[in-house]
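Have a look at the structure below before the remarks.
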Amino acid sequence: MKRDKILITGAGGFLGWALCRQAMPMYTVFGTYLSNPVGIKGVHSIQCDLTRYPEVKTLISEVRPQIVVHAAAVGDPNYCQLHPAETSRINVQSALDLATLCADGHVCFGFTSTDLIFDGQQPPYTEEDAVNPVSVYGEQKAEAEIKILIANPDALVCRMPLMVGFSGSMKIGFARQMVMSILNGDPLNLFIDEYRTPVDIDCAAKGILKFTPGLSGVIHLGGRITVSRYDIGRIIASHAGVEGANINAVHQRDVPMPAPRPRDVSLDSSRAFEMGYDPMGIRSVLKRIIKVFQTS
């Protein structure tokens, strides 16, 4: 039986890689990259500059996918703050181009957004809460959401939280870096006043793939509990059996950065939970990461 084709942009990134791996049992998978080929056996890797509309149009016409998930982005808030025009081309314009092409071709379209579209003042946030980003990155994602849903009302916007876990991409993720630092005894300065609802990267990918075909509008795909980065560090140290880990609690005001950081952007993902989205608990995710490092 011929399988549907899914096109995943940013397939070499942290989330894109996980999406490709999770999609393989269900679809014929095509993944785009800009400079680093995807390198997943069974995934059709395609080089494409998503900021160039002719390349994007050719991509869609040649692959002829039934589903497109747009995971490519410049996701570093500080870089976006310093380079707004450059990053808007991928974070806003490419998303709109893909959404429009998918609407014209009757292709299911999923877009990965962020919890950073909220200002962090009144958490937890539902899909109906007003957005009010405090950084350029958040503004870009919020702008993209609006433009996508106007151009393609059948599209699905998946608002993603902080994601942790394993990915075969070159980006190892902050939690893995944290585990490495704690096991090595390196000092860590972690925010005690910045809260998220983190989720395992594979669970996040499964959620996106579960809802993109058939669901439209906005869906939150956060984890079940709210924690700070300092909380995550202490959990890792406890489960790793590292007594006296060199973890220091710091406040946002103590670490000046180009991009403003909201205090608490916890997502209320009740809607997704009710529809079968069941992410692994953050403690279980961190235990798994620790075990891999301790046995490798």
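The values are calculated or read from the model by the stated rules, or taken from the named source; none is laboratory data. Just so it is clear, the model here is predicted, and its values are computed rather than measured. Positions of Cβ are backbone-derived with ideal geometry, glycine not excepted, and every protein chain shown enters the neighbour counts.
Out of Ile90, Ile60, report the one residue that is hydrophobic (A, V, I, L, M, F, W, C) and within 21 Å of the chain's Cα centre (by Cα).
Within the list Ile90, Ile60, the selection yields Ile90.
Within the option set Gly42, Gly138, being buried (at least 22 other Cβ atoms within 10 Å of the Cβ) and either outside the structural domain of Arg263 (by the TED database) or not in a loop (DSSP other than H, G, I, E, B) (or both) holds for one residue only, Gly138. Quick check on Pro213: is it in a loop (DSSP other than H, G, I, E, B), assigned by the TED database to the domain that holds Gln122 and more than 14 Å from Glu194 (Cα to Cα)? In short, yes. Whether any residue in the stretch 64-86 is modelled with pLDDT of 95 or more, touching a Cys at 6+ places or on another chain (Cβ under 6 Å) and not β-branched (Val, Ile, Thr) is what I want to check. There is no residue in the stretch 64-86 that is modelled with pLDDT of 95 or more, touching a Cys at 6+ places or on another chain (Cβ under 6 Å) and not β-branched (Val, Ile, Thr). Quick one: in the stretch 1-23, of everything that is assigned to a loop (DSSP other than H, G, I, E, B) and over 19 Å from the mean Cα position of the chain (by Cα), which residue is surrounded by the fewest Cβ atoms within 10 Å (Cβ to Cβ)? Within the stretch 1-23, the match that is surrounded by the fewest Cβ atoms within 10 Å (Cβ to Cβ) is Met1. Only a single criterion out of (1) touching a residue at least 60 places away in the same chain (Cβ under 8 Å); (2) closer than 18 Å to Val74 by Cα is not satisfied by Ala142, namely (1). What number of residues in the stretch 271-296 are in contact with a strand residue (DSSP E or B) (Cβ under 9 Å, 6 or more places away or on another chain), in a helix (DSSP H, G or I) and either among the basic types (Lys, Arg) or surrounded by 15 or more Cβ atoms within 10 Å (Cβ to Cβ) (or both)? Selection size over the stretch 271-296: 7. Of everything in the stretch 171-203, what is in a strand (DSSP E or B) and not polar (S, T, N, Q)? Give them in sequence order. Correct list: Leu188, Leu190, Phe191, Tyr195, Arg196, Val199, Asp200. Give the residues of the stretch 231-259 that are assigned to a helix (DSSP H, G or I) and either in contact with an Asp or Glu (Cβ under 9 Å, 6 or more places away or on another chain) or hydrophobic (A, V, I, L, M, F, W, C) (or both), sorted by residue number. Passing the criteria: Ile232, Ile235, Ile236, Ala237, Ala240, Gln252, Arg253.
Checked against (1) within 24 Å of Thr226 (Cβ to Cβ); (2) in a loop (DSSP other than H, G, I, E, B), Arg159 passes all but a single condition, namely (2).
With respect to Ala144, determine if the residue is crowded, with 22+ Cβ neighbours inside 10 Å, assigned to a helix (DSSP H, G or I) and in contact with a His (Cβ under 7 Å, 6 or more places away or on another chain). No: the conditions fail for Ala144. Is the stretch 248-262 home to any residue that is surrounded by 16 or more Cβ atoms within 10 Å (Cβ to Cβ), assigned by the TED database to the domain that holds Leu190, at pLDDT 95 or above and charged (D, E, K, R)? For the stretch 248-262, residues surrounded by 16 or more Cβ atoms within 10 Å (Cβ to Cβ), assigned by the TED database to the domain that holds Leu190, at pLDDT 95 or above and charged (D, E, K, R): present. Restricted to the stretch 217-246, and to residues there that are surrounded by fewer than 21 Cβ atoms within 10 Å (Cβ to Cβ) and of a type in the set (Val, Ile, Thr), the residue that is farthest from the chain's Cα centre (by Cα) is Val242. I want to confirm something. Restricting to the stretch 24-39 and keeping residues that are under 20 Å from Gly105 (Cβ atoms) and of a type outside the set (A, V, I, L, M, F, W, C), which single residue is surrounded by the most Cβ atoms within 10 Å (Cβ to Cβ)? In this case the residue turns out to be Gly31.
Does Gly214 fit the bill of being closer than 30 Å to Leu149 by Cα, in contact (Cβ under 8 Å) with a residue 60 or more places away in the chain, of a type outside the set (A, V, I, L, M, F, W, C) and surrounded by fewer than 17 Cβ atoms within 10 Å (Cβ to Cβ)? In short, yes.
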